[in-house]
Amino acid sequence: MELVRNLALVLHLLGMAVIVGAWVAQAKAPTKTIDTGMLHGALTVLVTGLALVGIAEAGDGDVNHIKIGVKLVVLLAVTALIVVNRKKDAISTTVWGAVGGLTVLNVVLAVFW
């Protein structure tokens, strides 16, 4: 079971890295867009996050349900922004900043909470 958890954790971290990496790659671009990788990263984070919670619940570990709920809401906001704006030729810097900022917020919540 530890191998499955570690694999899910690696995929979870890679999903976040894909979102942030695609976001940073557009920092100097004159027009911002939603990259396909952002959608795949967000869905990877969602699926692996749910798997990690399920694995923790199945074991003897304590799960902070409030933390998981807050992180899920933030991730759903990121995913919604990505899904709604992914077919647009250009997005506002506000939407672009929200995608990256909320993703970084989720990482900060994971580390410091």
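Can you tell me which residues in region 90-113 are exposed (fewer than 13 other Cβ atoms within 10 Å of the Cβ) and over 18 Å from Ala27 (Cα atoms)? Scanning region 90-113 gives Val108, Val111, Phe112, Trp113. Of the residues that sit in region 24-48 and are in contact with an Asp or Glu (Cβ under 9 Å, 6 or more places away or on another chain) and polar (S, T, N, Q), which one is farthest from Ile68 (Cα to Cα)? Per the stated criteria, the residue is Thr31. Here is a check on your reading of the model: is Ile66 more than 14 Å from Leu102 (Cβ to Cβ) and β-branched (Val, Ile, Thr)? Yes: the conditions hold for Ile66.
In region 24-41, the residue that is farthest from Ala110 (Cα to Cα) out of those that are open to solvent by less than 80 Å² (accessible area, probe 1.4 Å) and in contact with a Lys or Arg (Cβ under 8 Å, 6 or more places away or on another chain) is Thr33.
Restricting attention to region 60-86, the residues that are open to solvent by 60 Å² or more (accessible area, probe 1.4 Å), charged (D, E, K, R) and in contact (Cβ under 8 Å) with a residue 24 or more places away in the chain add up to 1. With respect to Thr44, determine if the residue is open to solvent by 40 Å² or more (accessible area, probe 1.4 Å), hydroxyl-bearing (Ser, Thr, Tyr) and more than 17 Å from Gly101 (Cα to Cα). Yes: the conditions hold for Thr44.
The values are calculated or read from the model by the stated rules, or taken from the named source; none is laboratory data. In this text, all values refer to a predicted model and were calculated from it rather than measured experimentally. In this analysis, Cβ positions are derived from the backbone assuming ideal geometry, glycine residues included, and neighbour counts consider all displayed protein chains. To get the accessible areas, we keep the full protein, side chains included, count just its heavy atoms, and leave off ligands, DNA and RNA. Shrake-Rupley method; radii C 1.70, N 1.55, O 1.52, S 1.80 Å.
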